[in-house]
Amino acid sequence: MIDHSHIGTSVSTRKGDAMRLPPLPAPSAPLTPEQMARRAVGDRTLDVPVKPISIRPYDPNWPARYRHEEGRIRATLGVRALAVEHVGSTAVPGLPAKDRLDIDLIVADPADEEAYVPDLAAAGYVLRTREPHWYEHRCLWTDGHDVNLHVFGPDCDEYLRHIIFRDWLRSHPDDRDRYAARKYEAAAAHPLSASRYRHAKAAVVVEILKRAGLR
């Protein structure tokens, strides 16, 4: 059994005394150009990254970089930031990753952009992705795109999956290394397509989430 006791109750992750496990993610295909265009905000690239996707060894400076960003986010939003979490590969010690932090931010209503986007923009985070159909997800980037700030609402399945996946990899080095190998393979096969890179990792992510208890 995975220990979920670390997950903050401030985002309503508990029902009674039991931790709610989210379902496995639904199967998905790489996004079409039309789908990518609908989700893009501003002058961002749709799928081709600014630089080819490259996986680098784990950087022990990533946690300190996260703490710096967390401090900026909390100072900007105050109590509007219901939760801020370091997620993704840079949050797992020993796991190779792209040199870009993934941070999950929980707000009361991601669709109410006026409640948080202008203040975050003033702090250096610019809205680049809007996905009302997918948990009302928004994603903001820093100017150099060294941070993806993902915004979700309370009790969001995807947020819970991020936390569970991260903590499972932190405590299961065999799965961490299995995931690392797949990341290297995906980056080598799809260095110029962010959506195909993500899709190439999807099967191993689902396998690991199953071992973590998701169904």
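Quick notes on this one:
- Within the range 94-201, antiparallel bridges make up roughly 60 percent of the DSSP beta bridges whose residues both belong there.
- Share of carbon and sulfur in the accessible heavy-atom surface of the chain [1.4 Å probe, %]: 54
- Beta bridges per DSSP with both ends in the chain, % antiparallel, nearest 5: 75
- Computed E for Glu34/Lys210 - FRET, C-beta separation, R0 41 angstrom, nearest 0.05: 0.80
- Overall form of the chain per C-alpha gyration tensor (a/c, 1.5; a/b vs b/c): rounded
- Only Lys, Arg, Asp and Glu carry charge here, each on its Cβ (+1 for the first two, -1 for the last two); on that basis the chain has a dipole of about 560 debye about its Cα centre.
- Mean residue ellipticity, 222 nm, helices only, the chain: the sum of -39500 (n - 2.57) across DSSP H runs of n ≥ 4, divided by residue count and rounded to 500, is -11500 deg cm²/dmol.
- Distance between the C-alpha centres of the range 76-130 and the range 133-195: 13 Å, rounded to the whole angstrom.
- The reciprocal of the average 1/r between distinct C-alpha atoms defines the Kirkwood hydrodynamic radius, which for the range 78-178 equals 14.2 Å.
- The range 18-98: radius of gyration and largest Cα-Cα distance (Dmax), Å: 16.8, 44
- Prolate/oblate/rounded call for the range 134-215, Cα gyration tensor, a/c under 1.5 rounded: oblate
- Counted charge near Arg72, where neighbours are those whose Cβ lies closer than 12 Å (Asp, Glu -1; Lys, Arg +1): 0
- Lysine pair number, Cα distance threshold 20 Å (strictly under), the chain, separation 8 or more or different chains: 8
- Extension gain (nm, one decimal) between Asp119 and Lys51, 0.36 nm per residue minus Cα-Cα: 21.6 nm
- Calculated FRET value between Val79 and Tyr135, using beta carbons and R₀ = 25 Å, to 0.05: 0.70
- Solvent-accessible surface of the range 85-215, taken per residue with a 1.4 Å probe and all protein chains present: 41 Å².
- Extreme residue, positive dipole direction of the range 78-118, given options Leu95, Ile106, Val84 (C-beta unit charges): Leu95
The values are calculated or read from the model by the stated rules, or taken from the named source; none is laboratory data. Just so it is clear, the model here is predicted, and its values are computed rather than measured. Because the Cβ atoms are built from the backbone with ideal geometry, glycine has one as well, and the counts that use them run over all protein chains shown. Surface areas here come from the heavy atoms of the whole protein model, side chains and all, with no ligands, DNA or RNA. Shrake-Rupley method; radii C 1.70, N 1.55, O 1.52, S 1.80 Å.
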